[in-house]
Amino acid sequence: MVAIKTFKIKEETMEEKIKKNVLIIDDDRGLLDVLSVLLSFPGEEEISILSLTKASAALSLLKSGRKFDIIFVDLHLIGEDGMEFIKEAEKFLSLAKFYIITGDDNFKENRVEVLRKPLSISQMKELILNQTPQEKEVV
């Protein structure tokens with residue numbers, strides 16, 4: 001008598017994972033640290049978050065070719081202006097979505113969406129998840 005065992009071999013496939021690059025610019029380092037932790041979440045999407053305290057540093061990255069899908073920038077940075085940053089950054093990132101962060105209840109801007117402080121983490125997560133990435137990576 002011959003015993004035959006059949007094994008099902010799991011076929012390994014390359015799954016397409018969506019990678020989204022997020023940039024957060026705010027002069028409050030504590031806020032950036034908290035946002036970086038709270039906005040990093042596991043799932044089907046890979047989220048890369050870079051946080052900077054200077055808009056000028058962010059512009060240097062953009063000029064060197066670094067791409068971001070979504071950018072949150074504080075309106076009033078020390079010595080810098082969030083709206084001026086967006087005007088310059090749009091020259092390098094035509095597909096990125098920009099959001100101004102501010103505690104100023106009187107600030108209104110038609111060109112970009114405004115997020116009011118205190119920030120809603122769930123709202124920011126939803127904005128990130130709903131943003132179409134500029135490039136897809138296969139992992």
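The values are calculated or read from the model by the stated rules, or taken from the named source; none is laboratory data. Here the structure is a predicted model, which means the values were calculated and not measured. With ideal geometry, Cβ positions are generated from the backbone for all residues, glycine too; neighbour counts draw on all protein chains shown.
Quick look at the values:
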| read-out | value |
| --- | --- |
| Residue match in the range 99-108 (condition: within 12 Å of Leu35 (Cβ to Cβ), surrounded by fewer than 17 Cβ atoms within 10 Å (Cβ to Cβ) and among the basic types (Lys, Arg)) | no |
| Residues being in contact with a strand residue (DSSP E or B) (Cβ under 8 Å, 6 or more places away or on another chain) and closer than 19 Å to Asp27 by Cα - total across the range 106-139 | 7 |
| Flag for Lys67 being closer than 21 Å to Leu39 by Cα and either surrounded by 15 or more Cβ atoms within 10 Å (Cβ to Cβ) or of a type outside the set (Gly, Ala, Ser) (or both) | yes |
| Lone qualifier among Glu44, Glu113, Glu109 - being more than 17 Å from the chain's Cα centre (by Cα) and at pLDDT below 95 | Glu109 |
| Wholly within the range 54-139, helices (runs of 4 or more DSSP H) carrying at least 1 residues that are hydroxyl-bearing (Ser, Thr, Tyr) and free of Cβ contacts under 8 Å to residues at least 40 places away in the same chain | 55-63, 121-130 |
